[in-house]
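One structure is given below, encoded as structure tokens.
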Amino acid sequence: MYINNGISHLGLGLTSLKEGKMINSTQLPFINLLGAKGAGKDTIHEAIIRLFLPRHLRHLSKEELIERYHHHPPRMKLVKRATERKRRRGEEGNWKSPGSWVLQFFESEEFERRLTNGRYGPDVIFDDRGEEPIFSNKSGIYGDYAPDILPLSLRWVSDNGVPARSGVLHPRHYPEPDEDTLFYLGILADSTQLVTLLMMEYFPNMKSFFLSVEEEEIKQRLCVRNKALGLTVKDHLEINKRYLASHPEDGCIVVSNDGGITPEQCAIKIAKIAGLPLPARVLR
């Protein structure tokens, strides 16, 4: 039992039983990465994974690593964000594409079904603004009442003018920990009250890291990346404007990911703050 914002919670977590040993996700760190488009979330996600790879595998490309560890790299469990956007160049029919580690793709009809296949419990309490619900530990929102995709986590994305939704999957759909699991890693890109409360039931050690990058550098990155993907930059700049206006960094640990720091250095900083036991070769 633990307390979050004055509300009592029973830590449910994701549990597995291995050789008579109970392993629960509430015991493990969870790194949640946030940031604007072009802030380097995918790059830092990969850099964190590489910190824990055996030395003889560190030279492999991302595609080769995904082929070898399609579901989960060693020592960690990856959590994906749901999206209904169309697959980008290089993603079509390719489970080895870079996005396969961070996104779960759904057709629009299936996305909508998973967004509406739950219901709120009778004891949901809304705050004074009526915007975000606060749940007691009796509401059952942590079980069957919650839909597969959390409605208050929805974000709109747009590729070449085609809008699409993305959202956070309910933690009950996340992988169970193994005996050698050190931590969970995801790009949930969200830290709203609802998501935080739900995550606290499963991952009380979750820390959200907001990747901070200067606006001009983000523009330069998007120009390079989007050209390679055949995407316009205008849509993503508009999305960034709306996203940053909501102050997504509130409640997060802000980490600079500007050009003055390498992805590995940024990953090491995040891993240390999250309390991960870094390999000796990384600390040297």
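Only the coordinates and a few stated rules stand behind these numbers; no lab work does. For clarity, every value in this text was computed on a predicted model and none was experimentally measured. Quick reminder, even Gly has a Cβ in these numbers, built from the backbone with ideal geometry, and neighbours come from all protein chains shown.
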(request) Quick one: which residues, 5+ away or cross-chain, put their amide H under 5 Å from the amide H of ARG165? H built at 1.01 Å from N. (result) GLU84, ARG85, VAL157
(request) Please give the peptides 267-280, 32-45 ranked by average Cβ packing (other Cβ atoms within 10 Å per residue), highest first, as a rough proxy for protection. (result) 32-45, 267-280
(request) For the stretch 82-87, just list the computed ³J(HN,Hα) in residue order, Karplus coefficients 6.51, -1.76 and 1.60, θ = phi - 60°, integers in Hz, with x standing in for Gly and Pro. (result) 7, 8, 10, 5, 6, 5
(request) Let me see the pair-distance distribution of the stretch 211-260: every alpha carbon pair, 10 Å bin width, integer percents in order. (result) 22, 50, 26, 2
(request) For SER256, enumerate residues with amide H under 5 Å from its amide H, sequence gap 5+ or separate chain, H modeled in the peptide plane. (result) SER212
(request) Go ahead and collect, in residue order, the members of the stretch 233-260 whose backbone nitrogen is under 13 Å from a label point 7 Å along the Cα-Cβ direction of GLU214. (result) 257-260
(request) Could you rank the peptides 219-230, 166-177 by their average count of other C-beta atoms within 10 Å per residue, with the highest value first? (result) 166-177, 219-230
(request) Provide the gained length on full extension for the span LEU278 to HIS247, in nm with one decimal, where the gain is 0.36 nm per separating residue minus the Cα-Cα distance. (result) 8.1 nm
(request) Please work out the FRET efficiency for the pair SER108 and ASP258, using the Cβ-Cβ distance as r and a Förster radius of 35 Å; give the result to the nearest 0.05. (result) 0.45
